[in-house]
Amino acid sequence: MRKLLKKCKDAFYHLCVRRVPQIRTVYEGYVDTHKQEHRRSRLKSWMLLLRLNLNYYLFRKVPEFVQTNEERGEIKVNISESYLSKRKTPKQLCQTLSQYDVISFDIFDTLIFRPFALPEDLFYILEEKQNYLDFKRLRMYAEWKARERKKKNFGTYEVTLYDIYDYLEEYIGIEAKSGAELEFETELELCYANPYMKQVVTQLIQQGKTVIVMSDMYLTKDLIEKLLHHCGYSGFAELFVSCDQGLSKYEGTLYSLVKKKFGKQKTYIHVGDNPNSDQRRAKENDFDVYFYQNVTEAGIPQRSSCMSYLVGSAYKGIVNSHFHNGIRQYSMAYEYGFACGGLFVLGYCMFVHRYAQTNGIDKVLFLARDGEILKKVYDQLFPGNNSEYVYWSRMAAVKLTAYRFRYDFFRRFIYHRINTDITLKQAVQAMELESVFSVQFTKRPEFWKRKLDDKGAKLLETLLLEKWEQILEVYEEQSKAAKQYFQQILKGCQKVCAVDVGWAGSGAISLSTLVEQKWQIPCRVYGMIAGTNTPHNAEPDASEALLQSGRLVSYLFSHSFNRDALYHHNPKLDHNVYFEFLLSSCEGSLKGFCFDESGKPTFRFGKPETANHKVVLDIQQGILDFIQRYQGHFKKYPYLFDISGSDAYMPFQLAASYPQYFNQIFDQCTFQLNLGDDNRPLKRQ
């Protein structure tokens, strides 16, 4: 009776799902995205399947995958994501498993990972290698047709990789032998050991336990052995592969074969991630089970589903496996760096490098402090490059360019600070102009104690204008020191690009003004920014002409591209601040330039933001770890490093939809909102 029901189920699934490739793509994609919901209740899945079939067979409408709000990720706001997959330690699991005579492991998604969100996304890589359009879909279709053929001729759905490519050769003309070899070579290049299970298996084998492998797979036993060895596994007592045996875990028959070989009197346990093949069928055959939750299933609800197919899959595969394999739990700040900062910093550095190569840039200048982590990653990606970490800041720039950008000087030092509970005297001290107004401080102390409100701002501006020439003389000494510093940096350069986080591009533009106009250094300075001002800014179009002319270049978004992100990014919700923390540093901010006792240019720094150090270091480590893994997996695939600004921004966009998430990470952090202000708590109430 059970076999009859199984045959009916397979026939129904073939008729309603697999018969039409487009229906299969949409339906199985929906189920993959909603696995937990699908297990609890399949009503929504079945309603979707019914609608797809009615539209196709009655109205001849080919289904299309439509992105819905329901399918976007959902950030956990009060706990680190890796804690959600907290498992027994490898040692504890080893102790549990060692009580059994025979310990069986599933392979894919248990012992071995592919660096993609879905296993079949590896076929995208083959599409590029084969130079064959739509290869992923054709490869998946050929597998099912090969299984149908095998069932018809031999009574089993179990096929080998060579069976699949025999059908592909007939179906699309790709030579079977070379095609199968290329796919396996790609598996070898990309598959890697699950670090958690690697420890478990190693410990069990060292104890002399009987450890076996069972897999429903089209790779033959000899290929599986090569793959396991390549991933660092050895010492298995036996490998049982469905395509060699004509039996499967899915039907339960492979478990029976194992017990027949090793003896029914022994105790068995199976470790795997599939609820049916690795749990239900194992139990039916008197195996105990240890369910290892699939890392993709655990992580995909927290990932954005709005990313590109290939880079998005690579990103999700790396993040999901890292957070959910169970080897350890991480802080929320570390996970923010890994999940939101890693892809952005990698993509931005690649973008900078391509720009420098294409435009004949002699040197890349990473402006402090945003440039600290960028410079580390850039050196890691491009050893021996011609770049430099350069001390520069908004505070230094506003003072040194006051001679030209007087409006910006008043705006930042006075009008941005109105009603921030500071006095007129404190405002002047922030400008480092005590020497100019020292006499007035003494003569009119009560006046200088008044708060900086609208009226006070007008009065202060008038006083500054009266002494404008003296003010510029005060800043001239700093300008001379800065000039000597940059003359050395720019020596021999005709074109450089200054890299910053953003947003108006004032860092690069102020530097270019000084270099090219005031200091007369024969070098052209271009600016590169992560993102621009947005419609939520008071000055949304402040840089438009410079962006249009190419003097400024944006990576993530601007008014001319990736406008969805442009409209989402809202400085009024502290999005700039949270994003800048991805590129933050433990150094104090540069206050200005000066000369040391020997007459050499040096720097004056503000106090380090010690309250932020732990968070900053965790974020930076997360970024570095992500990039190390991405490089390790895809070093042979340079096109996967061409990361669009849209993909790079999407993880942050998802996180920014949950303000409580940022509150939790930055609960104890502080941030300087305006020039000269004291740091304020970052957490929003």
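In this structure, G341 does not satisfy being in contact (Cβ under 8 Å) with a residue 12 or more places away in the chain, buried (at least 23 other Cβ atoms within 10 Å of the Cβ) and closer than 30 Å to E148 by Cβ.
Is it the case that some residue within segment 78-87 is touching a Gly at 6+ places or on another chain (Cβ under 8 Å), open to solvent by less than 10 Å² (accessible area, probe 1.4 Å) and at pLDDT below 95? Scanning segment 78-87, I find at least one residue that is touching a Gly at 6+ places or on another chain (Cβ under 8 Å), open to solvent by less than 10 Å² (accessible area, probe 1.4 Å) and at pLDDT below 95, so the answer is yes. Of all positions in segment 634-656, at least one carries a residue that is of a type in the set (S, T, N, Q), outside any helix (DSSP H, G or I), modelled with pLDDT of 90 or more and surrounded by 14 or more Cβ atoms within 10 Å (Cβ to Cβ). Of all residues in segment 448-494, those that are more than 27 Å from L552 (Cα to Cα), open to solvent by less than 10 Å² (accessible area, probe 1.4 Å) and in a helix (DSSP H, G or I) total 6. In segment 375-387, the residues that are over 16 Å from D500 (Cα atoms) reach residues that are of a type in the set (V, I, T) with C-beta atoms within less than 8 angstrom, at least six apart or across chains, in these pairs: Q380/I627; L381/I627; N385/V364; N386/V364. Scan segment 374-391 for residues that are open to solvent by less than 10 Å² (accessible area, probe 1.4 Å) and out of contact with any Leu (no Cβ under 6 Å at 6 or more places or on another chain) and jot them down. Of everything in segment 374-391, those that are open to solvent by less than 10 Å² (accessible area, probe 1.4 Å) and out of contact with any Leu (no Cβ under 6 Å at 6 or more places or on another chain) turn out to be L374, V377, Y378. Inspect segment 143-151 for any residue being in contact (Cβ under 8 Å) with a residue 40 or more places away in the chain, acidic (D, E) and either in contact with a strand residue (DSSP E or B) (Cβ under 9 Å, 6 or more places away or on another chain) or buried (at least 22 other Cβ atoms within 10 Å of the Cβ) (or both) and give the result as yes or no. So far as segment 143-151 goes, no, none of its residues is in contact (Cβ under 8 Å) with a residue 40 or more places away in the chain, acidic (D, E) and either in contact with a strand residue (DSSP E or B) (Cβ under 9 Å, 6 or more places away or on another chain) or buried (at least 22 other Cβ atoms within 10 Å of the Cβ) (or both).
Kindly evaluate S321 against the criterion of being among the hydroxyl-bearing types (S, T, Y) and over 22 Å from A648 (Cβ atoms). No, not satisfied. Filtering I418, I414 for residues that are buried (at least 17 other Cβ atoms within 10 Å of the Cβ) and of a type in the set (V, I, T) leaves a single hit, I414.
Take L247 and tell me if it is buried (at least 20 other Cβ atoms within 10 Å of the Cβ), modelled with pLDDT of 95 or more and out of contact with any Lys or Arg (no Cβ under 8 Å at 6 or more places or on another chain). Here the answer is no, as L247 does not meet what is asked.
Every condition in (1) free of Cβ contacts under 8 Å to residues at least 40 places away in the same chain; (2) open to solvent by 30 Å² or more (accessible area, probe 1.4 Å); (3) not charged (D, E, K, R) holds for G588 except the one numbered (2). Taking segment 430-447, which residues are surrounded by 12 or more Cβ atoms within 10 Å (Cβ to Cβ), touching a residue at least 24 places away in the same chain (Cβ under 8 Å) and not aliphatic (A, V, I, L, M)? The answer is E432, F437. Taking the conditions (1) in contact with a Ser or Thr (Cβ under 6 Å, 6 or more places away or on another chain); (2) part of a loop (DSSP other than H, G, I, E, B) in turn, A397 satisfies each one other than (2). Only one of these is in a loop (DSSP other than H, G, I, E, B) and either open to solvent by 60 Å² or more (accessible area, probe 1.4 Å) or within 21 Å of D278 (Cα to Cα) (or both): E158, E225, E189. Name it. Exactly one residue qualifies, and that residue is E158.
In segment 88-141, the qualifying residues are those that are touching a residue at least 12 places away in the same chain (Cβ under 8 Å) and among the polar types (S, T, N, Q), and the one that is surrounded by the most Cβ atoms within 10 Å (Cβ to Cβ) is S104.
Evaluated against (1) within 12 Å of Y336 (Cα to Cα); (2) more than 27 Å from the chain's Cα centre (by Cα), G592 falls short on exactly one condition, (1). When I205, I269 are screened for being aliphatic (A, V, I, L, M), closer than 25 Å to S321 by Cα and in a helix (DSSP H, G or I), only I205 passes.
The values are calculated or read from the model by the stated rules, or taken from the named source; none is laboratory data. Everything numeric in this text was worked out from a predicted model, so none of it was measured. For neighbour counting, all protein chains shown are included, and Cβ atoms are generated from backbone atoms with ideal geometry for every residue, glycine included. Side chains are part of the model used for accessible areas, which takes the heavy atoms of the whole protein and leaves out ligands, DNA and RNA. Shrake-Rupley method; radii C 1.70, N 1.55, O 1.52, S 1.80 Å.
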